[in-house]
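Below is one structure, written out as structure tokens; the observations come after it.
Please treat every number below as a calculation from the coordinates, not as lab data. None of these values were measured; they are calculated from a predicted model. A quick note on method: Cβ atoms are made from the backbone with ideal geometry, for glycine too, and the neighbour counts reach across all protein chains shown.
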Amino acid sequence: MKQLINAILLSLVATSAAAQETLTEKPEFLKAVAGHTLEIRLLRVQLKVLDSGTITGKAFGRSVTGNWEWKGGFFCRSMTWGDRELADNCQQVSKDGTSLIFTSDKGTGRSAKFALRPATQ
């Protein structure tokens, strides 16, 4: 019985880990963000990452602007939030169902999980 419970627990962990997919190529990233707004509702963050290499949106009521490019399997961005410049950073991007998870410092730093919402005009 104990072995059965352990097997079930291990399969649940494996299923959860398998559901998250790291995006390493620009076309798969563009496909994920196309027509979507990245949102963290609790923090009032809504961003659009456009295939033109620009970022627009709002966070905590302040405007967000920036640029991005895909380098070596990472989303590399420079952004301004209100009048504050945020440090350039290359981030690992993973897809988890209808969410994208951005992990700073090429996957070794902090993570932020954004819901993918259909973009409004």
What list of ³J(HN,Hα) couplings, whole Hz, do you get for region 22-37 from phi and the Karplus terms 6.51, -1.76, 1.60, once you set θ to phi - 60° and write x for glycine and proline? 7, 8, 10, 10, 4, x, 6, 5, 4, 4, 5, 8, 4, x, 10, 10
Name the shape class, rounded, prolate or oblate, that the alpha-carbon gyration tensor gives for region 60-121, where a ≥ b ≥ c are the square roots of its eigenvalues, rounded holds for a/c under 1.5, and otherwise prolate holds if a/b is larger than b/c and oblate otherwise. oblate
Per-residue HN-Hα couplings for region 62-73, Karplus 6.51 cos²θ - 1.76 cosθ + 1.60 at θ = phi - 60°, whole Hz, x for Gly and Pro? 10, 6, 10, 9, x, 10, 9, 8, 9, 10, x, x
Inter-centroid distance (Cα atoms) of region 74-121 relative to region 25-53, Å: 8
For region 49-59, 3J(HN,Hα) per residue [Karplus equation, 6.51 cos²θ - 1.76 cosθ + 1.60, θ = phi - 60°, Hz, x = Gly/Pro]: 10, 9, 5, 6, x, 10, 10, 9, x, 9, 8
Using Cα positions and a limit of under 14 Å, work out the aspartates and glutamates in reach of residue 26, with same-chain residues fewer than 8 apart set aside. 51, 69
Once you place label points 7 Å from the Cα toward the Cβ at residue 86 and residue 110, how far apart are they in nm? 1.0
Would you work out which of 34, 45, 60 lies farthest towards the positive end of the dipole of region 23-63? Charges go on Cβ: Lys and Arg +1, Asp and Glu -1. 60
Set of region 48-72 residues, backbone N closer than 12 Å to the point 7 Å along the Cα-Cβ line of residue 78: 66-69
